[in-house]
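So the structure is just underneath, and the comments pick up after that.
FYI, it's all coordinate maths here, none of it is from the lab. Bear in mind that the values here come from a model prediction, so they are computed numbers and not experimental data. Virtual Cβ from ideal backbone geometry, glycine too; neighbours counted across all protein chains shown.
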């Protein structure tokens, strides 16, 4: 993905997606499996799994993503991307 070509809103969406946390295990027992909250937990868990799959694939392709298996590193990368896109947006003005 060429981040230089993305718009500010698309980069923010990508950064938020990269910064999604997995669902804590104790939350699965607290909510009814038929309710809306449980469906939201399932959706968030699925997005986190997609993110992990994306990161593992990207780690194989790009050498600067090699340390991204840690959750802390993924959050740091998301913050760096947001800072980059904001600076680029200000340069265009």
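Brief remarks follow.
- Most to least packed among 59-66, 40-47 [average Cβ atoms within 10 Å]: 40-47, 59-66
- Estimated from helices alone, the mean residue ellipticity of the chain at 222 nm is -23000 deg cm²/dmol (sum of -39500 (n - 2.57) over DSSP H runs with n ≥ 4, per residue).
- With neighbours defined as other Cβ atoms within 10 Å of a residue's Cβ, the residues 26, 57 order from fewest to most as 26, 57.
- Full-stretch length increase - residue 17, residue 61 - with 0.36 nm per residue and alpha-carbon distance subtracted: 13.9 nm
- Relative to the longest principal axis of the Cα atoms of the chain, the long axis of helix 8-18 lies at roughly 40 degrees.
- Across segment 3-92, C-alpha contacts under 8 Å between residues 6 or more apart give a mean separation that, scaled by the residue count, equals a relative contact order of 37 percent.
- Inter-probe distance in nm under a simple model that places probes 7 Å from Cα toward Cβ, at residue 39 and residue 87: 4.3
- With coordinates expressed along the principal axes, the C-alpha atoms belonging to the chain extend over 49, 31, 19 Å, beginning with the largest.
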